[in-house]
Amino acid sequence: MSRWLENETKLTGIFAGISAVSLILSLTGALKDVLPADIAWTAIILCGVPILVGAFRGVLFEHDIKADVLVAMALIASVATGEFFAAGEVALIMQIGSLLEDYTSGKAREGIEKLIRLTPQTAHLVRGGAQTDVPVERLSVGDRIRVLAGETIPVDGLIIEGETTIDQSVMTGESIPVDKKAGDRVSSGTVNRFGTFLMEAEKESGDSSLQRMIRLTEEAEENRAPVVTLADKWATWLVVVAFACAVGTWIFTGEFMRAVTVLVVFCPCAFILATPTAVLAGIGNAARYGMIIRSGSSLEKLSRIRRAAFDKTGTLTCGKATVTRTVSFDDALSERDILRIAASAEKLSEHPLGKAIVSAYDGALSEATDFKIDAGRGIRATVEGWSVIAGKAEYMISRGIDLSPAERESESSRAEGATVICLAIDGKLAGLLSLADTLRGDSALTVRNLIGSGVTPMLLTGDNRQAAEAIAKQVGITDVRSDLLPEEKMEIIKGCSGSNEPICMIGDGVNDALAMTAADAGIAMGGIGSDIAIESADAVLVGDDIKRIPYLFRLTKKVMQKVRTNIIAAMIINITAVALSAAGVLTPVTGALWHNCGSVFVVVNAAMLLRYRDDQP
């Protein structure tokens, strides 16, 4: 009984099928002489009773008047005047609209439910040389986990042994699996295609990328856009107006049947059903491409964006230093020799630049002895019998190294935003290495597509002017602000937000959270972004795939267009139907068909958002 009254989807579908058959038989009069009552009562009871119960509950217990009240009034009036077919038809098509909404909402959640099903229940914990299977919830940061071929990765972590190929499509939308090796990070929810590897957990299961994505999406579905709330408020007033119109029609025409028809056609079901359906469909579409929109309100804000402010490190760039150039000043040493010696000397260093140099060399390294580190300045070691010094210019000068041969190369590298590390062998400058945060492969394309769609990009970064301008030039951004503190970023954003050009902040770190909060909308990089940045954002790029940002803006605009179109269509249908009903053109039967077919139309129109696709691979 409760499943029936609560409109449980499967049961409603069965009852709607039975009701449709009963209405056809009622219209044809096939069983008129056999049954003691009109068979349309089947539809009235199966589809109408849940509507009546919902309406009375809302009025009596929640003190809320919504669309169900008007439908209940139309049902009661139709039954009271003997228009059983009209009553059954109104009830049936309202339930068909409800089924369409449930179907669309289900499609919107499909990707997230798939993620929930993919969440592994156990993991292969390796401790003390022994392997045991434990519940994923018991894993802690630092635990070593073995992942076999075909298994889903249980938590976020770092590969420490082995090579493999990871299918990241569920989390990022990438169609091509990605090769991974020791030192690479992997995310929970992604699938190990082949090979076995050992990883170290960097987060507990509750804080993993997969669980974060699920939580954000569930929050998005619980929140609705202000335009949806507005529609509910309008629906309440429409109930009052509909009743007034019905009474007025009865008074002026003297025909009660016309008043009943007005009640039937005035039901704002299209107005109510289509708006939240469009929002849910848009959120579901975004999730399919690895973008989580936090709420209907966030979706509406994103649809208005005309300026996009990018952070540099970790957003337009990969957020990781790599060796971009190696130069030798010793005729006896090649550039590869310089890199090998520098990497061998830096092998014991914990500095990020030292680690980047070690990662850049793909061969066997020599042993380093007498290793010494001068914190924040450079290192000294003995490599292959040579006395080696590596560090920035100031450190090399303090050690008496002549850097004049490297002046031109150093200036060139710094102009490109790179950091220069010099290498001296036996007291003489032997070479230099340029390290820079490399540009993401899709950054330039993203900026071009944004400009093409009418969104103006700008760069806000705490990095130095040379590095900022070098990156901005590569991607095509002309408005560049550098050397900014988090508070200064926020002030710049505040100066732009709320204007005729609403601004969106796109970033990944703690220093971007203030700017995101001050902006009209915020987008966070979910893969490498800090928790505070993600919590401050309106949308999250789960796989850090920034090429999806132009599509995100296009999609949100498309959703709001659908919302506006559906509201206008619903209002036109209602007003036209009321006028025709008052004039006596429509009967309760034809009026119900006119109005509720319109309701089905706007819901199907919103559901088409699920088929909207990004033209980028």
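The phi-based Karplus calculation (6.51 cos²θ - 1.76 cosθ + 1.60; θ = phi - 60°) puts the 3J(HN,Hα) values of the stretch 427-434 at x, 10, 4, 10, x, 9, 10, 9 Hz, whole numbers, x for Gly and Pro.
For Ser398, Ser404, Ser188, the sequence from fewest to most other C-beta atoms within 10 Å is Ser404, Ser398, Ser188. With the cut-off at 1.5 for a/c, could you classify the stretch 320-438 from its C-alpha gyration tensor as rounded, prolate or oblate? Rounded shape, in that the Cα axes give a/c under 1.5.
Between amide H atoms placed 1.01 Å from N, distances below 5 Å from Tyr361 occur with no residue 5 or more places distant or on a separate chain. Taking Cα centre as origin and charging only the Cβ of basic (Lys, Arg, +1) and acidic (Asp, Glu, -1) residues, the dipole magnitude of the stretch 396-469 rounds to 100 debye.
For the stretch 140-203, what class follows from the C-alpha gyration tensor (a ≥ b ≥ c being the square roots of its eigenvalues): rounded when a/c is under 1.5, otherwise prolate if a/b is larger than b/c, else oblate? Prolate shape, in that a/c is at least 1.5 and a/b is the bigger ratio.
By the beta-carbon count within 10 Å of each Cβ, the least crowded to most crowded order of Met458, Met199, Met505, Met571, fewest first, is Met571, Met458, Met199, Met505. Taking amide hydrogens as placed 1.01 Å from N in the peptide plane, the amide H of Thr122 sits under 5 Å from those of Val136, each at least 5 positions away in sequence or on another chain. Between Ile45 and Arg564, how high is the FRET efficiency from 1/(1 + (r/R0)^6) when r is the Cβ-Cβ distance and R₀ = 41 Å? Nearest 0.05. That pair, Ile45 with Arg564, gives E of 0.65.
Model label points for Glu350 and Asp330, set 7 angstrom from Cα along the Cα-to-Cβ axis, are 2.9 nm apart. Here the stretch 276-325 is treated as an ellipsoid with the same Cα gyration tensor; its semi-axes, largest first and in whole Å, are 32, 14, 7. Full extension of the segment from Leu31 to Asp374, taken as 0.36 nm per residue of separation minus the current Cα-Cα distance, would add 113.7 nm.
Place the peptides 465-472, 87-94, 479-486 in order of packing, highest mean first, counting for every residue the other Cβ atoms within 10 Å and averaging per peptide.
Highest mean packing first, the order is 87-94, 465-472, 479-486.
Segment Val53..Ala80, full-extension length gain: 7.9 nm, with 0.36 nm per residue of separation and the alpha-carbon distance subtracted.
Fewest first, what order do Lys10, Lys355 take by the number of other Cβ atoms within 10 Å? Each step should come with its number before you reach the end.
Working: Lys10 10, Lys355 17.
Final ranking by Cβ density, sparse to dense: Lys10, Lys355.
Maximal additional length on extending the Lys392-Arg448 stretch stands at 16.6 nm, based on 0.36 nm per residue less the C-alpha distance. Computed from backbone phi with θ = phi - 60° and the Karplus coefficients 6.51, -1.76 and 1.60, the 3J(HN,Hα) list for the stretch 45-57 is 6, 5, 9, x, 4, x, 5, 4, 4, x, 5, 5, 4 Hz; x is used for glycine and proline.
Along the stretch 302-314 the Karplus relation, 6.51 cos²θ - 1.76 cosθ + 1.60 evaluated at θ = phi - 60°, assigns HN-Hα couplings of 5, 5, 9, 5, 10, 10, 10, 9, 9, 6, 8, 5, x Hz to successive residues, with x for each Gly and Pro. Here the simple spin-label model places points 7 Å from the Cα toward Cβ, and for Ala364 and Val241 these points are separated by 8.4 nm.
Quick note: the coordinates plus some simple rules give every number you see, no bench work behind them. What you are looking at is a predicted structure, and each value in this text was computed from that prediction instead of being measured. Reconstructed Cβ throughout: ideal geometry from the backbone, glycine too, with neighbour counts over all protein chains shown.
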